[in-house]
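Contents: one structure, followed by commentary.
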Amino acid sequence: MTASMILYAPNVHTGGGVVLLRALLADWPAGQHLVAYLDARAQALVPIPAGAKVHWVEPSIRSRMNAGWQLRNEAKKGDTVFCFHGLPPLWPSRGRIVVFLQNRLYLSDGSGSRRSLRPSAIRQEIERRIGTFCRRRVAEYIVQTPSMARDLIRWYGASPNGEPVVRVLPFLDALPTASDAARHSAEWDFVYVADGVPHKNHRILVEAWRLLAQDGLRPSLALTLSARDGELRREIEQSAAEAGLRITDLGQMPHQDVLALYGKSKAIVFPSSAESFGLPLIEAMHMGLPILAPELDYVRDVCVPAQTFDAGSPVSIARAVKRFLGAAESPLVPLAPHEFWKQLLPRTDQ
């Protein structure tokens with residue numbers, strides 16, 4: 001019997017993950033047998049190759065558990081189980097397990113998740129534990145950057161069976177060119193394409209915009225938060241109204257609209273503290289959009305930023321924005337000792 005490629009991608013239905021999944025499915029080699037487990041919410045977003053056998057997985061624990069059990073029974077020796085959602089299967093498989101790891105937070109110690117009772121943080125912690133517990137089943141990991149490969153090898157740790165194969169295989173669909181962007185007018189000073197998960201640092205970014213406003217600078221900022229980010233959206237709307245900040249949430253949008261948004265912006269600001277790839281950075285660089293981003297390995301893996309900052313510091317972000325806008329702060333000038341005493345001692349000429 002011919003070996004199969006089993007593409008296992010439950011929960012891939014939004015953001016950069018579905019963009020990459022759509023590109024892979026669109027370029028699936030003709031005539032090759034494919035079995036795919038796909039998120040039901042992605043039905044209208046991804047092309048299905050001719051002849052592919054597709055299992056649509058609903059966004060529920062029961063449906064995903066059933067899909068995992070079905071995968072266990074369907075995969076046979078010689079098959080490749082390509083886990084595109086970043087996690088090994090819960091049940092052992094006769095197939096060769098290959099994990100495409102796109103979430104750097106799976107490699108963390110989970111301390112941040114354990115301190116939060118937010119549903120997203122709890123889900124993240126459960127997924128992180130699954131990835132850790134089942135990692136010895138993985139024959140090969142695919143990552144997209146050298147820094148992700150280094151972090152993965154450190155996280156995997158020593159094993160009596162040796163380290164798994166780790167390959168750096170970045171890929172992207174065709175992107176618009178800088179000339180495409182030039183046809184649009186700049187409606188926004190800055191754009192930040194990201195949902196509202198905590199490591200994206202939206203609250204720190206808004207605080208940086210508050211600091212800029214205190215110094216008389218009010219650059220416009222476009223956000224693309226998702227429908228799941230209701231609490232964060234309300235916080236940002238309130239902060240913007242209180243401080244007179246020019247921050248607008250455009251909501252989650254289709255990928256083609258995101259690409260058009262880059263062309264309507266003067267720069268991208270990207271304060272995320274952890275990324276496995278940083279797709280918006282690659283897209284922005286490809287379109288000639290200046291990038292303001294943290295001085296972190298994942299950033300330098302994929303782009304050359306115009307300005308860098310400390311992702312955890314609103315002051316650092318605000319200063320980077322000032323430098324980009326040509327309004328850099330003057331450095332501190334220490335007083336001479338006699339000037340210090342002049343400032344401190346009481347005046348005698350009164």
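Taking the range 300-343 as the range and being part of a helix (DSSP H, G or I) and more than 18 Å from VAL206 (Cα to Cα) as the test, the residues that pass are ARG300, ASP301, VAL302, PRO337, HIS338, GLU339, PHE340, TRP341, LYS342, GLN343. Here ARG319 meets each of (1) of a type outside the set (A, V, I, L, M); (2) surrounded by fewer than 19 Cβ atoms within 10 Å (Cβ to Cβ); (3) over 15 Å from the mean Cα position of the chain (by Cα) with one exception, condition (2). Pairing each residue of the range 328-349 that is under 30 Å from ILE317 (Cα atoms) with any residue that is surrounded by 10 or more Cβ atoms within 10 Å (Cβ to Cβ) and not acidic (Asp, Glu), provided the two are 6+ apart or on different chains, yields C-beta distances under 6 Å for ALA328/LYS322. Among residues of the range 301-313 that are under 18 Å from LEU279 (Cβ atoms), those with a beta-carbon under 9 Å from a residue that is of a type in the set (A, V, I, L, M) and assigned to a loop (DSSP other than H, G, I, E, B) at least six positions away or on a different chain give the pairs ALA311/ALA274; ALA311/LEU296. Residue by residue through the range 49-64, note down the ones that are loosely packed, with under 15 Cβ neighbours inside 10 Å and assigned to a loop (DSSP other than H, G, I, E, B). The answer is ALA50, GLY51, GLU58, PRO59, SER60. In the range 65-75, is there at least one residue being touching a residue at least 60 places away in the same chain (Cβ under 8 Å), in a helix (DSSP H, G or I) and farther than 21 Å from THR14 by Cα? There is at least one residue in the range 65-75 that is touching a residue at least 60 places away in the same chain (Cβ under 8 Å), in a helix (DSSP H, G or I) and farther than 21 Å from THR14 by Cα. Of these, PHE270, PHE324, which one is under 28 Å from LEU101 (Cβ atoms) and modelled with pLDDT of 95 or more? Just a single option satisfies the conditions, and that option is PHE270. Of all residues in the range 322-350, those satisfying the criterion of being of a type in the set (Gly, Ala, Ser) and within 34 Å of the chain's Cα centre (by Cα) are GLY326, ALA327, ALA328, SER330.
Consider SER220 carefully, then state whether it is among the hydroxyl-bearing types (Ser, Thr, Tyr) and surrounded by 20 or more Cβ atoms within 10 Å (Cβ to Cβ). Against the criterion (among the hydroxyl-bearing types (Ser, Thr, Tyr) and surrounded by 20 or more Cβ atoms within 10 Å (Cβ to Cβ)), SER220 does not qualify. I'd like the residue in the range 79-101 that is under 20 Å from the mean Cα position of the chain (by Cα) and hydrophobic (A, V, I, L, M, F, W, C) and, out of all such residues, is farthest from TYR8 (Cα to Cα). This residue is LEU101.
When TRP56 is tested against (1) over 26 Å from the mean Cα position of the chain (by Cα); (2) free of Cβ contacts under 8 Å to residues at least 40 places away in the same chain; (3) under 22 Å from ALA36 (Cα atoms), exactly one condition is not met: (1).
Checked against the criterion of being among the polar types (S, T, N, Q), under 22 Å from LEU45 (Cα atoms) and in the same structural domain as PHE190 (by TED's automatic domain parsing), the candidates GLN256, GLN238 yield just one match: GLN256.
Examine the range 281-291 for a residue that is touching a Phe, Trp or Tyr at 6+ places or on another chain (Cβ under 9 Å), outside the structural domain of PRO146 (by TED's automatic domain parsing), of a type in the set (Gly, Ala, Ser) and assigned to a helix (DSSP H, G or I), and state whether such a residue exists. Yes: one or more hits. Is it the case, given these coordinates, that THR14 is under 26 Å from LEU281 (Cβ atoms) and either surrounded by fewer than 21 Cβ atoms within 10 Å (Cβ to Cβ) or in the same structural domain as LEU225 (by TED's automatic domain parsing) (or both)? For THR14, the condition - under 26 Å from LEU281 (Cβ atoms) and either surrounded by fewer than 21 Cβ atoms within 10 Å (Cβ to Cβ) or in the same structural domain as LEU225 (by TED's automatic domain parsing) (or both) - is met. In the range 123-145, of all residues being of a type outside the set (A, V, I, L, M, F, W, C) and touching a strand residue (DSSP E or B) at 6+ places or on another chain (Cβ under 6 Å), the one that is surrounded by the fewest Cβ atoms within 10 Å (Cβ to Cβ) corresponds to GLU140.
The values are calculated or read from the model by the stated rules, or taken from the named source; none is laboratory data. If you're wondering where the values come from, they're calculated on a predicted model, not measured in any experiment. Cβ atoms come from the backbone with ideal geometry, glycine included; neighbour counts cover every protein chain shown.
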